[in-house]
Ligand code: NDP
């Protein structure tokens, strides 16, 4: 990296101390787009990088609610309204004890360029709380969601900021959040996405992130003259993204041999088929159980407590749980076992040194902001349907999703070109997404 780029990053770290996840996300982007600063002098003179790394607005608030024992609980709530150059702020809400300002700023920052890649009119934002829904009753989750929205509602709206789900925020939570928004705002404008179909949700939204990650990987493999048929895949996580990534991989003739949660991973050498996946969906979405139960249920499979799935040999790895879940040692293990590529279903699941390890061995890395953009793309389509007061069919939404993922692949490919170690999809996605945002910011003047 050039001295100028390093000086920029040093300044960013100084201005934003104690935000390691945000520094990591910014470093990856700056590394990819720095050459544009020399090619397009207005980006430098107009200080686009300084502007784009500063959120337009950060909202932090108190969430007070009552648990089932009648005790008062207090949580932190946040919404980072990072960049609205391309449209209303758009990005998920995460409920997890690890949530803090750094994690949400990294997620909001990534979201800006991801949303730009979809070609839809959406800015970037992210929010959430350190509330942990695990082990809470439905009523407790409802009371928390209502209290959270009681403050958040005054900052969002259909043309201002449209939140969605993320870790810990699925269909149940979106229902409670939207129910309270509708009551307080006295309007029915679909201000959250990921809603149930009966109240304005889109077909394919639950499936979209996982399906999209597989569609994007199919485009990469097509470019390599290959397909998913017969490939062995490892998947981490067992939540929304992991489940639908697995479903689409099975449909494409791949064999999925792992899933995980924060307790460890399961390995099923025979492959997770449709019936076993239905069991996982019931276990995780309805019973809210642990993935370890899989190993007791299906003979021949095993549970590996406290470990990650990357020790299992595979052709393609799909990290779909959380950030920094592939570290250098994991990347080395994947390389040693002959992996062809890694597609990031989760946000920033691979550390920067791990990416470097994979890329220097000539492996494909499909970055999150491209590979998992299918979720926000269908959220964008949900906004369009709400504005039209119409709901499209499954086939219509799925075909638009496939078109968007193919287009993101094409943009990344064109921006990256073919290098010595194959296509650098990280650089391609960063450059293509950044240019759209930067050119729009220039068009607005000094704002
Ligand atoms: P879910 O809450 O549905 O599932 C998350 C999964 O990851 C669970 O299996 C969870 O296990 C596991 N997990 C969470 N934290 C950790 C951890 N620290 N270590 C190990 N496992 C962990 O979330 P989603 O599937 O929606 O999200 C997964 C990832 O995909 C996130 O990075 C999210 O930002 C990203 N993403 C999601 C989109 C969406 O549409 N949902 C869109 C784009 C990106 P446990 O149950 O034990 O916590």
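Read-outs throughout are calculated quantities, based only on the coordinates presented, and are distinct from any laboratory measurement. Predicted model, so just to flag it, every value in this text is computed and none were measured. Glycine also receives a Cβ, built like all others from the backbone with ideal geometry; neighbour counts cover every protein chain displayed.
Residues satisfying the criterion are present in the range 396-405 (criterion: within 30 Å of residue 335 (Cβ to Cβ) and in contact with a helix residue (DSSP H, G or I) (Cβ under 9 Å, 6 or more places away or on another chain)).
Looking at the range 224-241, can you tell me whether even one residue there is assigned to a helix (DSSP H, G or I) and surrounded by fewer than 22 Cβ atoms within 10 Å (Cβ to Cβ)? Checking the range 224-241: not a single residue is assigned to a helix (DSSP H, G or I) and surrounded by fewer than 22 Cβ atoms within 10 Å (Cβ to Cβ). The residue of the range 310-333 that is nearest to residue 31 (Cα to Cα), among those that are more than 16 Å from the ligand (Cβ to nearest atom) and surrounded by 24 or more Cβ atoms within 10 Å (Cβ to Cβ), is 331.
Scoring residue 336 on the criteria (1) surrounded by fewer than 17 Cβ atoms within 10 Å (Cβ to Cβ); (2) in contact (Cβ under 8 Å) with a residue 24 or more places away in the chain leaves a single failure, condition (2). Going through (1) farther than 19 Å from residue 231 by Cα; (2) in contact with a strand residue (DSSP E or B) (Cβ under 6 Å, 6 or more places away or on another chain); (3) in contact (Cβ under 8 Å) with a residue 40 or more places away in the chain; (4) surrounded by 20 or more Cβ atoms within 10 Å (Cβ to Cβ) one by one, residue 294 falls short only on (3).
Where residues in the range 250-273 are within 16 Å of the ligand (Cβ to nearest atom) and crowded, with 24+ Cβ neighbours inside 10 Å, which of them is nearest to residue 315 (Cα to Cα)? That would be 256. Among the criteria (1) in a loop (DSSP other than H, G, I, E, B); (2) in contact with a strand residue (DSSP E or B) (Cβ under 7 Å, 6 or more places away or on another chain), the one residue 250 does not fulfil is (1). Can you give me the number of residues within the range 57-83 that are without any contact (Cβ under 8 Å) to a residue 40 or more places away in the chain and either buried (at least 24 other Cβ atoms within 10 Å of the Cβ) or assigned to a loop (DSSP other than H, G, I, E, B) (or both)? Result for the range 57-83: 3. The set of residues in the range 200-224 being at positive phi and away from the ligand (no atom under 16 Å from the Cβ) consists of 200 alone. Scanning the range 183-199 for residues that are crowded, with 19+ Cβ neighbours inside 10 Å and more than 16 Å from the ligand (Cβ to nearest atom), which turns out farthest from residue 369 (Cα to Cα)? Among them, the one singled out is 190. Considering the range 90-105, and only residues there that are surrounded by 24 or more Cβ atoms within 10 Å (Cβ to Cβ) and in a helix (DSSP H, G or I), the residue that is farthest from the ligand (Cβ to nearest atom) turns out to be 105. Of the residues that make up the range 159-177, is at least one more than 14 Å from the ligand (Cβ to nearest atom), in contact with a strand residue (DSSP E or B) (Cβ under 9 Å, 6 or more places away or on another chain) and assigned to a helix (DSSP H, G or I)? Among the residues of the range 159-177, at least one is more than 14 Å from the ligand (Cβ to nearest atom), in contact with a strand residue (DSSP E or B) (Cβ under 9 Å, 6 or more places away or on another chain) and assigned to a helix (DSSP H, G or I), which makes the answer yes.
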